[in-house]
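Participant: Take a look at this one; I'll ask things after.
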Amino acid sequence: MKNSFRRGVDDDRVKIRLTGDFATEPSAMTDFHSDAFKKVADAAAAVAGDVIPVPFIMLGATDSGTSGPSANGVVNFFPTTDSKGYHGIDERLPIKDFQRAIQFYTLLING
């Protein structure tokens, strides 16, 4: 796995050291010129307005490691604007973000 990170970083000045016991290969990168990225970017613009989609490293476990081999691109994205209630006491999602997510996934699935 260390070699995967090394190839992705491509800078010998960066020191990479694995820690802990949770070690999985990162998901494959999706080209931001691909149809998959464009479809997500278009749906995001439709529901979130003035946004500029950019590739980034998503920290955290997702399903993309297992779904990647059967897809032509994996783009991790969730169309929320208020992350204040995530992963804490009384975890919650504002109704407006929930509605935006429904609209986003409807556009993404139906094209």
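Participant: For the stretch 28-57 and the stretch 79-111, what is the separation of their Cα centres, given in Å?
Facilitator: 16 Å
Participant: Another question about this same structure. Let me check I've understood the local charge: for P79, count other residues with C-beta under 10 angstrom from its C-beta, Lys and Arg +1, Asp and Glu -1. What total comes out? Don't jump to the answer; show the numbers that get you there.
Facilitator: Numbers: positive: R100; negative: D97.
Combined, the nearby Lys, Arg, Asp and Glu give 0.
Participant: Using a cut-off of 13 Å between alpha-carbon atoms, which aspartates and glutamates can reach K84, once sequence neighbours fewer than 8 places away in the same chain are excluded?
Facilitator: Within reach: D97.
Participant: Another question, if that's okay. Going Cα to Cα from K96, which aspartates and glutamates come in below 14 Å? Please leave out same-chain ones fewer than 8 positions away.
Facilitator: D82
Participant: Given R₀ = 22 Å, FRET efficiency for D10-K38 by Cβ-Cβ distance, to 0.05?
Facilitator: That pair, D10 with K38, gives E of 0.30.
Bear in mind that the values in this text are calculations on the coordinates, not laboratory data. The shown structure was predicted, so the numbers you read here are calculated from the model rather than taken from an experiment. Don't worry about glycine lacking a Cβ; one is built from the backbone with ideal geometry, like all the others, and counts go over all protein chains shown.
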